Amino acid sequence: MVQKEGIALVVSGPSGVGKDSVINALRERYNDIRHSVSVTTRAPRESEIDGVHYYFRAKAEFEAMIAEGEILEHDIYCNEYYGTPRSPLERMRREGINVLLDLTVKGALSLKESYPDAVLVFLIPPSEAALRERLLNRATESQEIIQTRLTESWEEMNSAFEFDYLVVNDDLLQAVRDIEAIYWAEKHRASRLFIDGMQ
């Protein structure tokens, strides 16, 4: 059996829910899935590398990419742009490469409009207190930004049931296992496959 095209597996959820940890764990476990590197206008965190974690761009450059149709979907979160570059995603999917995307909630829903077969996973924190603690433990942002992220995070929870799957990230290993199960099931979905030699 052969996949018709690569799967777009989207992991989303509120800020601080642990998307980066989950995505990094998935990338370490699977050779057959590539991470889609997003473009953002926010400043890089100390450990982040341009072209690896994000493509860091000035707002004017990002807006030019939108105008040229190079951004497939984009969102503004905490006054910064985030978006998915069109060409790499389309090329990988055409080549049968499965792609893992880390998107904002709005960005994930926007991508689903262009790719109805994209698989959307919404990560949920175990509680509001746990989410607050995770954001505070980051120690990379001011109290004002943390409060803004908390407010926006709970507003985003209203979109959870527009996603295909919900996964509680209370225990990293269990959350990764849950997404692995989703990924393996989607790889074997009949509508995604054809049997070589059969029409």
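Nothing in this text is a laboratory measurement; each read-out follows from the coordinates by a stated rule. For clarity, every value in this text was computed on a predicted model and none was experimentally measured. Cβ placement follows ideal geometry from the backbone for every residue including glycine, while neighbour counts extend to all protein chains displayed.
Here are some notes:
- Percent RCO, i.e. relative contact order, over the chain, from Cα pairs under 8 Å lying at least 6 residues apart: 35 percent
- Taking every alpha-carbon pair under 8 Å whose residues sit at least 6 apart, region 67-165 reaches a relative contact order of 25 percent.
- Kirkwood radius for the chain, taken over all pairs of different Cα atoms as the inverse mean of 1/r, rounds to 17.6 Å.
- For the chain, complete DSSP H runs whose alpha carbons reach 20 Å or more along their own long axis and whose mean Kyte-Doolittle score is -0.5 or higher are 172-187.
- Semi-axis lengths, Å, region 72-151, gyration tensor of Cα atoms, sqrt of 5 times eigenvalues: 29, 14, 11
- The residue among L150, S110, A130 whose Cα reaches farthest toward the positive pole of the charge dipole of the chain, with charges on the beta-carbon of Lys, Arg, Asp and Glu, is S110.
- Under 16 Å from K4, Cα to Cα: aspartates and glutamates that are on another chain or at least 8 residues apart: D32, E90, E95, D117, E186, D196
- Only the Cβ atoms of Lys and Arg (+1) and of Asp and Glu (-1) were treated as charged; on that basis the dipole of region 36-185 about its Cα centre amounts to roughly 200 debye.
- Annotation for region 130-199: trypsin sites (Lys or Arg not before Pro) lying in DSSP loop with at most 14 further Cβ atoms inside 10 Å of their Cβ are R189.
- Under a 5 Å amide H cut-off, with hydrogens placed 1.01 Å from N, I97 pairs with G6 among residues at least 5 apart or on other chains.
- Qualifying lysines (Cα of each under 27 Å from Cα of K19; at least 8 residues distant if same chain): K59, K106, K112, K187
- In units of the rule-of-thumb radius 2.2 N^0.38 Å, region 36-96 shows an alpha carbon radius of gyration of 1.12.
- Over region 151-196, the ratio between the Cα radius of gyration and 2.2 N^0.38 Å evaluates to 1.55.
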